[in-house]
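Q: Starting off with a structure, shown below.
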There are 2 protein chains.
Amino acid sequence: MKRIYLDNIAGTPIHPEVKEAMIPFLEGNYGNPQSLHSFGAEVNRAVKNAREKTASLINCTPEEIFFTSSGTESNNFALKGIAWANQKKGNHIIISAIEHQSILHSAKALERMGFKTSIVPVDKFGLVSPDDVAKSITSETILVSIMLANSEVGTIEPVKDIAKIVKEKGIVFHTDAVGAVGNIPVDVNELGVDLLSLSGSQFYGPKGAAALFIKKGVRVLPFIDGGIQEEGRRAGTENVSGIVGLGKAAEMAKIEIPGRMAYLSALRNRMIKELPEKIKNIYVTGHPENRLPHHASFCIEFIEGEAMLLRLDMEGIAVSSGSACTSRALKTSHVLVAMKIPAALAQGSIVFSLNIFNTNDDVDFVLKVFPPIVDLLRKMSPLYQGK
Amino acid sequence: MKRIYLDNIAGTPIHPEVKEAMIPFLEGNYGNPQSLHSFGAEVNRAVKNAREKTASLINCTPEEIFFTSSGTESNNFALKGIAWANQKKGNHIIISAIEHQSILHSAKALERMGFKTSIVPVDKFGLVSPDDVAKSITSETILVSIMLANSEVGTIEPVKDIAKIVKEKGIVFHTDAVGAVGNIPVDVNELGVDLLSLSGSQFYGPKGAAALFIKKGVRVLPFIDGGIQEEGRRAGTENVSGIVGLGKAAEMAKIEIPGRMAYLSALRNRMIKELPEKIKNIYVTGHPENRLPHHASFCIEFIEGEAMLLRLDMEGIAVSSGSACTSRALKTSHVLVAMKIPAALAQGSIVFSLNIFNTNDDVDFVLKVFPPIVDLLRKMSPLYQGK
């Protein structure tokens, strides 16, 4: 059976060139990059090279890149590292209502330690208003964290405008750019952010390798304490093969992003245009234009997202009904709730996220297979009776 | 030039069978284990299998294994997770003077949060005395963490005896077994520990994949907050290829440890016996018998460890002069200081740590090459004049 992977927000395939770059570090190049001998030195050079490539992708210096094990760890590091470093200045943090679980739960953990969180709302497109952020700032505010792009609804936030307001007040600004980096151009200077999270698994790198950008001069307490790795700010033996893979993925993304965006948005636009022609009561979620190029998300009335997901899976098509980090929790998405999508409709959430190996044939197949699945499920659904 | 890697405390080579097990997860099997579709399911099964193998190696249940990105993260998770979960019970933590930097610095970070640390001493062999631990316990003690084996001097600690005392008082006991697991038999039930850190990179698994054993019923706050991975206790997309590699390494270790120990200790014993026959003023560090089977460590008078390391490197031999996590810091080892080895002698620290691919020929080469290096360096050393 042909299998079509359209759940790339949960992690992309690894690019074959990324895999090839990683292999030597699973074989002969097994030195520890902190070791002083030649086995260590050759691996140290590879980590250094990966750091340069990762920095180049977001236009920062290599010294501003700190490798971590996941976007989630980067987000924990950012929130907790900044909060702990600034607790004498204040105890107030601002985030948005559609942040990733790693931001929401880090904020909750910090609340248990005495910090307070304000959660700014979003509009029906999932957009955060810079004004709302401005209004939430108090004299106690030490950190604002607003994501760059939401993986569940694809919306790209006005981070540049928000950062400007936050920085004018002299407050640290972090953006969770895990869904964005590698998929759209991201420049930390243009955005004006102090910290930025990214993850290789979102742009053809391996799972297990991610990074946090920390602008030079920004004080952050270490999150993982121990040895001298990552300038003493993130201890632990480096995941060398993963870091090398992330570096290679960053190098490729830097060159290929424009082409990828053009290619993927064309495929994506077909889904956004043609699925509503074939399915009734289907609504695009997220912003119609300011959205990730590989991302098509919908709510479909009278059906459970999980049911669609499982039926599509039987046809070889992998999609998601929200974030992979919560998918097995089977809760209504907090993102859709924040966008004030009615709970019944939010249950029918489905996300098609493309990768560069997907083709027009894949989209054709989805357009052929999916509408009959919707029809079938609706006939089976007690929610649909009489509609 | 023939190259001989004898710095396996800084991480072993990856076993070819481990690498082969990992490759599918760098290629076709790129699903997110939390995804509900078949791409996710097949990867989820692989993570589950790795969890079972890792559990089996230390004789716990799979539900008691929590994957992390490094031994350092496991140690941070253990200390901080236990401290935060028990701060209403007390604020006192006991560790030993020869713990890894990730334990020492986690304890320091906790001190900044209001916790207090007692550091129990070691004897000249690097052994912690169970009595000293008992004497350090107060009504405020919530956690004792004593390592199972020290990577710098090879000494295996009387963890079973220490755990017995600690558990009789109803206090949580953690052991950093990163240097031990996979190299000697480790059974969490026999040891009687509540938490145990291990790392795949110490026994032919990849860097970036490690685990924390948390005994069922022991309350630990999450260290990395976010999604539902690892039962909500350690969030972040799983490093699938790394975890699969760790599982394979654990499976192999379970079977091969007795043979590995016999093979490696024979090679090691040659170094411990024959080097002192060829070099004057050389002293074995650590315990003469209760030590890791692949581990030979020395202090050599009148020479800097770094100088030996670099000279050996020129001959193709990789060794270390302490922990890789501190090697670039070039400080005198806190382990040797704690063992009351005079600072001048501690400067001459050198560690030969073997792997299963090393041979008697490798040892022959070291025995041939190293003594002349020592002679040469001594002639060049101002410390040696007139000795």
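Q: Tell me, please, whether a residue that is within 14 Å of another protein chain (Cβ to nearest Cβ), of a type in the set (Gly, Ala, Ser) and surrounded by fewer than 21 Cβ atoms within 10 Å (Cβ to Cβ) can be found in the range B:334-349.
A: Checking the range B:334-349: not a single residue is within 14 Å of another protein chain (Cβ to nearest Cβ), of a type in the set (Gly, Ala, Ser) and surrounded by fewer than 21 Cβ atoms within 10 Å (Cβ to Cβ).
Q: Here's a follow-up. Would it be correct to say that A:Val193 is part of a loop (DSSP other than H, G, I, E, B), modelled with pLDDT of 95 or more, surrounded by fewer than 24 Cβ atoms within 10 Å (Cβ to Cβ) and more than 14 Å from chain B (Cβ to nearest Cβ)?
A: Criteria not met by A:Val193.
Q: Which residues, taken from the range B:156-170, are surrounded by 17 or more Cβ atoms within 10 Å (Cβ to Cβ) and out of contact with any helix residue (DSSP H, G or I) (no Cβ under 9 Å at 6 or more places or on another chain)?
A: Passing the criteria: B:Ile156, B:Glu157.
Q: Looking only at the range B:207-220, decide whether some residue is buried (at least 20 other Cβ atoms within 10 Å of the Cβ), more than 27 Å from B:Ala10 (Cα to Cα) and within 14 Å of another protein chain (Cβ to nearest Cβ).
A: yes
Q: Hey, another quick one. Just one of A:Asn44, A:Asn75, A:Asn86 is in the same structural domain as A:Ser139 (by TED's automatic domain parsing) and touching a Pro at 6+ places or on another chain (Cβ under 7 Å); which is it?
A: Exactly one of A:Asn44, A:Asn75, A:Asn86 is in the same structural domain as A:Ser139 (by TED's automatic domain parsing) and touching a Pro at 6+ places or on another chain (Cβ under 7 Å), namely A:Asn44.
Q: To continue, here is another question. Just give me the residues in the range A:128-155 being touching a helix residue (DSSP H, G or I) at 6+ places or on another chain (Cβ under 8 Å) and aliphatic (A, V, I, L, M), in sequence order.
A: Correct list: A:Val128, A:Val133, A:Ala134, A:Ile137, A:Ile142, A:Leu143, A:Val144, A:Ile146, A:Met147, A:Leu148, A:Val153.
Q: Picking from A:Ala249, A:Ala235, A:Ala211, A:Ala253, which residue would you name as being within 27 Å of A:Leu110 (Cα to Cα) and under 16 Å from the mean Cα position of the chain (by Cα)?
A: Only one candidate passes the filter, namely A:Ala211.
Q: Would you check which residues across the range B:358-382 are hydroxyl-bearing (Ser, Thr, Tyr) and under 27 Å from the mean Cα position of the chain (by Cα) and list them?
A: B:Thr359
Q: Look at B:Phe352 and say whether it is among the aromatic types (Phe, Trp, Tyr), over 22 Å from B:Leu104 (Cβ atoms) and within 19 Å of the chain's Cα centre (by Cα).
A: So B:Phe352 fits the description; yes.
Q: Only residues that are among the charged types (D, E, K, R) and in contact with a Pro (Cβ under 6 Å, 6 or more places away or on another chain): list them for the range B:1-41, please.
A: Of everything in the range B:1-41, nothing turns out to be among the charged types (D, E, K, R) and in contact with a Pro (Cβ under 6 Å, 6 or more places away or on another chain).
Q: Hey, among the residues in the range B:111-138 that are touching an Asp or Glu at 6+ places or on another chain (Cβ under 9 Å) and either assigned to a strand (DSSP E or B) or within 9 Å of another protein chain (Cβ to nearest Cβ) (or both), which one's surrounded by the most Cβ atoms within 10 Å (Cβ to Cβ)?
A: B:Val128
Q: Still on this structure, please answer the following. It is to be established whether one or more residues within the range A:79-89 are closer than 20 Å to A:Gly179 by Cα, surrounded by 20 or more Cβ atoms within 10 Å (Cβ to Cβ) and either within 14 Å of chain B (Cβ to nearest Cβ) or modelled with pLDDT under 95 (or both).
A: Yes, the conditions are met somewhere in the range A:79-89.
Q: How many residues does the range B:6-31 hold that are part of a helix (DSSP H, G or I), touching a Leu at 6+ places or on another chain (Cβ under 9 Å) and among the aliphatic types (A, V, I, L, M)?
A: The total comes to 5.
Q: Let me ask another. List the number of the failed condition for A:Glu64; all other conditions in (1) surrounded by fewer than 20 Cβ atoms within 10 Å (Cβ to Cβ); (2) away from chain B (no Cβ under 11 Å); (3) touching a Lys or Arg at 6+ places or on another chain (Cβ under 7 Å) hold.
A: With (1) surrounded by fewer than 20 Cβ atoms within 10 Å (Cβ to Cβ); (2) away from chain B (no Cβ under 11 Å); (3) touching a Lys or Arg at 6+ places or on another chain (Cβ under 7 Å) applied to A:Glu64, the lone miss is (1).
Q: May I pose another question? Any residue in the range A:156-178 that is modelled with pLDDT under 95, within 14 Å of chain B (Cβ to nearest Cβ), farther than 22 Å from A:Pro288 by Cβ and assigned to a loop (DSSP other than H, G, I, E, B)?
A: The answer is no, given that none of the residues of the range A:156-178 is modelled with pLDDT under 95, within 14 Å of chain B (Cβ to nearest Cβ), farther than 22 Å from A:Pro288 by Cβ and assigned to a loop (DSSP other than H, G, I, E, B).
Q: Let me ask something else about it. Taking the range B:179-190, which residues are of a type in the set (A, V, I, L, M) and assigned to a loop (DSSP other than H, G, I, E, B)?
A: Selection gives B:Ala180, B:Val186.
Q: Is it the case, given these coordinates, that B:Gly226 is more than 7 Å from chain A (Cβ to nearest Cβ) and without any contact (Cβ under 8 Å) to a residue 12 or more places away in the chain?
A: no
Q: Tally time: how many residues in the range A:139-155 are in a loop (DSSP other than H, G, I, E, B) and touching a strand residue (DSSP E or B) at 6+ places or on another chain (Cβ under 7 Å)?
A: Count: 7.
Q: Within the range A:32-55, can you find the residues that are more than 7 Å from chain B (Cβ to nearest Cβ) and outside any helix (DSSP H, G or I)?
A: A:Pro33
Q: Then there's this: Return only the number of the condition from (1) touching a Leu at 6+ places or on another chain (Cβ under 6 Å); (2) more than 29 Å from A:Leu79 (Cα to Cα); (3) within 14 Å of chain A (Cβ to nearest Cβ) that B:Val188 does not satisfy.
A: Going through (1) touching a Leu at 6+ places or on another chain (Cβ under 6 Å); (2) more than 29 Å from A:Leu79 (Cα to Cα); (3) within 14 Å of chain A (Cβ to nearest Cβ) one by one, B:Val188 breaks only (3).
Q: So in the range A:13-31, with the set limited to residues that are more than 7 Å from chain B (Cβ to nearest Cβ) and under 30 Å from A:Phe352 (Cβ atoms), which one is surrounded by the most Cβ atoms within 10 Å (Cβ to Cβ)?
A: By that ranking, first place goes to A:Val18.
Listed here are the residues, each with its yes/no results for (1) without any contact (Cβ under 8 Å) to a residue 60 or more places away in the chain; (2) under 20 Å from A:Ser69 (Cα atoms).
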site: A:Leu221; (1), (2): no, yes
site: A:Arg234; (1), (2): no, yes
site: A:Val244; (1), (2): no, yes
site: A:Ala250; (1), (2): no, yes
site: A:Lys254; (1), (2): no, no
site: A:Leu264; (1), (2): no, no
site: A:Met271; (1), (2): no, no
site: A:Glu277; (1), (2): yes, no
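Q: Within the range B:280-309, track down each residue that is closer than 13 Å to B:Phe370 by Cβ and in contact with a Pro (Cβ under 9 Å, 6 or more places away or on another chain).
A: Those that are closer than 13 Å to B:Phe370 by Cβ and in contact with a Pro (Cβ under 9 Å, 6 or more places away or on another chain): B:Ile282, B:Phe298.
Q: Go through B:Glu256, B:Glu251, B:Glu230 for me and flag whichever is in a helix (DSSP H, G or I), among the charged types (D, E, K, R), modelled with pLDDT under 95 and surrounded by fewer than 24 Cβ atoms within 10 Å (Cβ to Cβ).
A: Only one candidate passes the filter, namely B:Glu230.
Q: Which one of these is closer than 26 Å to B:Leu336 by Cβ and in contact (Cβ under 8 Å) with a residue 24 or more places away in the chain: B:Asp161, B:Asp187?
A: Unique residue meeting the criteria: B:Asp161.
The values are calculated or read from the model by the stated rules, or taken from the named source; none is laboratory data. All figures in this text were calculated on a predicted structure; none of them were measured in a lab. When we count neighbours, we look across all protein chains shown, and the Cβ atoms used for this are built from the backbone with ideal geometry, even at glycine.
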